[in-house]
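Participant: Let me begin by handing over the structure; questions about it come next.
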Amino acid sequence: MLKSEKKLMKVLKGEKIWPPPLWMMRQAGRFLPEFRKLREQADFLTRCLTPDLAAEITLQPIRRFAFDTAILFSDILILPWAMGQKLQFVEGKGPILHPIHSEEDLKKLHPEQIDEKIEPVLITLQNLNKLLNNGESIGKASPGSVTLMGFTGSPFTVACYMVEGKSSKDFSTVFKMIYQNPDLFDKIIDLLAETTATYLCHQVRAGAEAIMLFDSWAGLLPSTLFQRYVIDPTRQIIDRIRQVYPLVPIIGFPRLAGAQLLTYIERTGLNTVGVDQYNDISFLNRQVSPTVGFQGNLDPLCLLYGGNMLQKEIYRLCHELKNRPHIFNLGHGILPATPIEHVEELVNTVHNLK
């Protein structure tokens, strides 16, 4: 099967496919027993940077569910780590970084070493590309049917972790810098826009057929700053990538963007956008050009609890978006407690849509 025949690639190029292709954010995760078993063998960062482990984790949900996308198992903080920012993942706390609070802290980063440090990630992509496109089936997936997707975080979201030094509900340290030292925050964003574009180009060169930009904390920004810290750097990254790879599909996911999602779609030039569960998909469907592809936006809690409401939401969402390019997905990552049988029901329901 040729790459052009892959359902997800067709949708990313603007075609309407019925039933729609599907995958789930965080589909390689703790809800899978095989993932939990492998998780015991190595810490998170080691799993991300060991090609055999990362490839195996990437393929676990493909074997079990025949999703249309295998998304690279990695993390959005690999990029600051590759520049030399100290990073560790602590059980129960998430990522912990040595925070950037000053010009001196920023000068300690070394973007020139990125190419060397990300080599394990690129090897993972190369290996996955060969496995997915060698004409053999992967579990339940038909030969050559699965799109290999690379990804990383968008500059604002990655900057949030780099400055705060950890996850946060409000990232108050970040906003202190934005309002009291905007020149420094601008330099961090500019550095991330440049290095993110380079990193994603490397991913495409290594075999990623499509890429996704996760801006998980975009919705924290007031409208006065959304253009400056979400739209502008996203547009810069897209322009840089398309100078080298003009045809590579790019999905943008500005989580919690709300009403600003319309401006994001208009001004970034993306032809496919991830939609979280807090957006009114019917409203967006009326307001956005039918040539723009939507990805999402089933509530992960609906999948967690299942039942009749899950069936209703699947039908509602798919039929609402039947007349535009649509990739079935969640509005955010699958929750760890989600029962396997609920995911199986979702996949079977979507595949058997009439």
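The values are calculated or read from the model by the stated rules, or taken from the named source; none is laboratory data. Note that the structure is predicted; figures quoted are calculated from it, not measured. Methodologically, a virtual Cβ is constructed for each residue, glycine included, from the backbone with ideal geometry; neighbour enumeration extends over all protein chains shown. To get the accessible areas, we keep the full protein, side chains included, count just its heavy atoms, and leave off ligands, DNA and RNA. Shrake-Rupley method; radii C 1.70, N 1.55, O 1.52, S 1.80 Å.
Participant: Looking at region 106-126, which of its residues are over 21 Å from Thr69 (Cα atoms) and open to solvent by less than 30 Å² (accessible area, probe 1.4 Å)?
Facilitator: Leu106, Leu109, Ile114, Ile118
Participant: Counting residues that are within 30 Å of Asp183 (Cβ to Cβ), open to solvent by less than 40 Å² (accessible area, probe 1.4 Å) and not polar (S, T, N, Q), which helices (runs of 4 or more DSSP H) fully inside region 208-289 reach at least 2?
Facilitator: 223-226, 232-244, 261-268
Participant: While we're looking at this one, here's another question. Please name all residue pairs, on different chains or six or more residues apart, with Cβ atoms under 8 Å, provided the first residue is in region 173-198 and is under 17 Å from Gly84 (Cα atoms) and the second residue is aliphatic (A, V, I, L, M) and open to solvent by 10 Å² or more (accessible area, probe 1.4 Å).
Facilitator: Here the result reads Lys187/Leu106; Ile188/Leu106; Leu191/Leu106; Leu191/Leu109, each pair linking region 173-198 to a residue that is aliphatic (A, V, I, L, M) and open to solvent by 10 Å² or more (accessible area, probe 1.4 Å).
Participant: Then there is this: Please find, among Thr338, Thr349, Thr272, the residue that is more than 26 Å from Ile241 (Cα to Cα) and either of a type in the set (Phe, Trp, Tyr) or within 21 Å of the chain's Cα centre (by Cα) (or both).
Facilitator: Thr338
Participant: Okay, next question. Pull out all pairs, ordered by first then second residue, where Cβ-Cβ is under 6 Å, the residues are six or more apart or on different chains, the first lies in region 137-156 and is under 10 Å from Ile62 (Cα atoms) and touching a residue at least 24 places away in the same chain (Cβ under 8 Å), and the second is assigned to a strand (DSSP E or B) and open to solvent by less than 10 Å² (accessible area, probe 1.4 Å).
Facilitator: If the second residue must be assigned to a strand (DSSP E or B) and open to solvent by less than 10 Å² (accessible area, probe 1.4 Å), the pairs left are Val146/Ala70.
Participant: Kindly provide the set of residues from region 66-78 that are open to solvent by less than 10 Å² (accessible area, probe 1.4 Å) and either among the aromatic types (Phe, Trp, Tyr) or closer than 25 Å to Val146 by Cβ (or both), ordered by number.
Facilitator: Phe67, Thr69, Ala70, Leu72, Ile78
Participant: Identify the residue in region 129-166 that is closer than 17 Å to Asp75 by Cβ and small (Gly, Ala, Ser) and, among all such residues, is surrounded by the most Cβ atoms within 10 Å (Cβ to Cβ).
Facilitator: Top of the filtered list is Ser154.
Participant: Got at least one residue in region 88-98 being open to solvent by less than 80 Å² (accessible area, probe 1.4 Å), touching a Pro at 6+ places or on another chain (Cβ under 7 Å), of a type outside the set (A, V, I, L, M) and touching a residue at least 24 places away in the same chain (Cβ under 8 Å)?
Facilitator: yes
Participant: Give Leu59, Leu53 a once-over and let me know the one that is aliphatic (A, V, I, L, M), open to solvent by 20 Å² or more (accessible area, probe 1.4 Å), farther than 30 Å from Leu106 by Cα and out of contact with any Cys (no Cβ under 9 Å at 6 or more places or on another chain).
Facilitator: Answer to the selection: Leu53.
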